[in-house]
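S.K.: Take this structure, written in structure tokens, and hold onto it; I'll ask about it next.
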Amino acid sequence: ERQAAVSRQLFMREVVSAADREVVVADPYTGRRRKMLMFGSNNYLGLANHPYVRERAERTIAEYGVGVGGPPLLNGYTGLHRRLEERVAEYKGAEDAILFPTGYQANLGMISGLTQAGDMVLHDALSHASFLDGLQLTRAGHREFGHNRLDELEDLLDRYAPESNEMFVGVEGVYSMDGDLAPLDAIVDLCRRKGAVLMVDDAHGTGVMGAQGRGAASHFGVEGQVDVTMGTFSKVFSVTGGFVAASKPIISYLRFFARSHMFSASISPMVAAAVLAGFDVLEFEPERVERLRSNLRYFRSELRKIGIDADLSSPIFALRVPVTADVFSVARRFHDAGLFVNAVVFPAVPAHEQRFRISLMATHTHADLDRLVACIDELVSEWRAAGVNGVSK
Ligand code: PMP
């Protein structure tokens, strides 16, 4: 009961300002408003409150109103939706793209639309819930392989090829909870050799990894070689919506067979305009991606000074909390220090994997990162003094 009470305060803290590097929160403990540094957002490049993006969205409301009130096949397809599909396709080096109301629905539609009885889907053990839920909607078989275990994947491909019509492989460009990458160059090669269709969820790689943030495939030099790329507008673009980018036949097929596309209302034109404006910013302000990367380098070197060797190949940092430590009181410490971070606890992860999912943004200053590192240092020193291991990735 205590946990439930604490977690009610810890989760769903009410943010009463724009999503930016600093946010104003209605403090559940004091009842007062206070500023906090945001380290728990996927607004990696600071587009959520970018003046140009805001202006484009506002202008679109003046022109189009706030929404369309219908699905794409009927009345919910504007010129902005088409332009966004084209922009996504171009950005991902694909022939075409299709939009979904959310990234979650993009995964549902991609899997249920493309796979059928007799097919086999092989996926990484750390696949996102939306991918796993998509598997519930298909009659295709599915098996998981250990996280990034390409040897296991190869064995499964060999084992199931003879009895399967079509083989599909599902991985993530950047894994959402640990922030590590799938080795896409090797995976593309493996799928080619075995004749499997590769689906990459690049929710967290889009806008962040590779040249101009074109995504994980660009990072690994295999742009245009991934068969199906799924992504979302809820991370770097910080609005909502999702997409699938692929060849023209695949996208045309999904327009009729992805039920989460066909039977759900389109994103509003102002959201489409905000994403299009976000693409402009990616193009015209490449320094944002650079600033994010330099923040990652700085954070990594500061963490090393306090004895933490972090991967940080993406803006996601998992601070693992020893199973003997009370994750809720640790969360309170971060909160009281004015640092907004997200606890990931059982049952979302096994108890021994409890952690804070910390994410960095291009807009953070070195002083912001220093405050975060100081708090982490304090905690980790206490865990070490108590003889427990604060393991970090
Ligand atoms: N895939 C991954 C890897 C994600 O992290 C998320 C968001 N948590 C999604 C898909 C779903 O995206 P959305 O929030 O746009 O529905």
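S.K.: Out of Glu382, Glu378, Glu290, Glu302, report the one residue that is crowded, with 17+ Cβ neighbours inside 10 Å and assigned to a helix (DSSP H, G or I).
M.R.: Glu302
S.K.: Which members of segment 120-147 meet the condition of being away from the ligand (no atom under 15 Å from the Cβ) and buried (at least 20 other Cβ atoms within 10 Å of the Cβ)?
M.R.: Met120, Val121, Leu122, Ala140, His142, Phe145
S.K.: I've got another one for you. Against the definition (modelled with pLDDT of 95 or more and under 22 Å from Phe237 (Cβ atoms)), how does Leu181 come out, yes or no?
M.R.: yes
S.K.: Report yes if Ala18 is small (Gly, Ala, Ser), open to solvent by 50 Å² or more (accessible area, probe 1.4 Å) and either closer than 30 Å to Ala374 by Cβ or in a helix (DSSP H, G or I) (or both), otherwise no.
M.R.: Here the answer is no, as Ala18 does not meet what is asked.
S.K.: I would also like to ask the following. Within segment 193-211, is there a residue that is part of a helix (DSSP H, G or I) and at pLDDT 95 or above?
M.R.: Yes, the conditions are met somewhere in segment 193-211.
Listed here are the residues, each with its yes/no results for (1) within 16 Å of Met110 (Cβ to Cβ); (2) away from the ligand (no atom under 16 Å from the Cβ); (3) within 15 Å of the chain's Cα centre (by Cα).
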residue	(1), (2), (3)
Val174	no, no, yes
Asp180	no, no, yes
Asp185	no, yes, no
Val188	no, yes, no
Gly195	no, yes, no
Ala203	yes, no, yes
Arg214	no, yes, yes
Phe220	no, yes, no
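S.K.: Limited to segment 346-355, what total is found for residues that are at pLDDT below 90 and either polar (S, T, N, Q) or not in a helix (DSSP H, G or I) (or both)?
M.R.: Residues that pass the stated criteria total 5.
S.K.: Here is a further query. Mind listing whichever residues of segment 217-245 are open to solvent by less than 40 Å² (accessible area, probe 1.4 Å), over 19 Å from Val275 (Cα atoms) and not in a loop (DSSP other than H, G, I, E, B)?
M.R.: Ala217, Ser218, Val228
S.K.: Same structure again: Look through His50, His81 and report the one residue that is more than 16 Å from Ala258 (Cβ to Cβ) and either open to solvent by less than 40 Å² (accessible area, probe 1.4 Å) or polar (S, T, N, Q) (or both).
M.R.: None of the other options fit; the residue is His50.
S.K.: For segment 72-103, how many residues are within 15 Å of the ligand (Cβ to nearest atom) and among the polar types (S, T, N, Q)?
M.R.: 1
S.K.: Out of the residues in segment 355-366 meeting the condition of being open to solvent by less than 20 Å² (accessible area, probe 1.4 Å) and not basic (Lys, Arg), tell me which one is farthest from Leu37 (Cα to Cα).
M.R.: Residue satisfying both the conditions and the ranking: Phe356.
S.K.: Let me ask something additional. Scanning segment 246-265 for residues that are within 14 Å of Ala97 (Cα to Cα) and part of a loop (DSSP other than H, G, I, E, B), which turns out most open to solvent (accessible area, probe 1.4 Å)?
M.R.: Ser247
S.K.: Looking at segment 307-320, which of the residues that are touching a Phe, Trp or Tyr at 6+ places or on another chain (Cβ under 7 Å) and part of a loop (DSSP other than H, G, I, E, B) is most open to solvent (accessible area, probe 1.4 Å)?
M.R.: Here the residue is Leu312.
S.K.: A follow-up question, please. Look through segment 104-113, keep the residues that are crowded, with 24+ Cβ neighbours inside 10 Å and not polar (S, T, N, Q), and return whichever of them is farthest from the ligand (Cβ to nearest atom).
M.R.: Gly113
S.K.: Just name the residue that is nearest to Thr102 (Cα to Cα) out of those in segment 148-185 that are among the polar types (S, T, N, Q) and open to solvent by 40 Å² or more (accessible area, probe 1.4 Å).
M.R.: Asn148
S.K.: Return the residues of segment 13-30 that are closer than 15 Å to Asp336 by Cβ and not polar (S, T, N, Q); say none if nothing qualifies.
M.R.: Arg13, Val25, Asp27, Pro28, Tyr29
The values are calculated or read from the model by the stated rules, or taken from the named source; none is laboratory data. Please read all numbers here as calculations on a predicted model, not as lab measurements. Cβ: placed from backbone, ideal geometry, glycine included. Neighbour counts: every protein chain shown. Ligands, DNA and RNA are stripped out before the accessible areas are found, and what is left, the full protein with its side chains, is counted by its heavy atoms. Shrake-Rupley method; radii C 1.70, N 1.55, O 1.52, S 1.80 Å.
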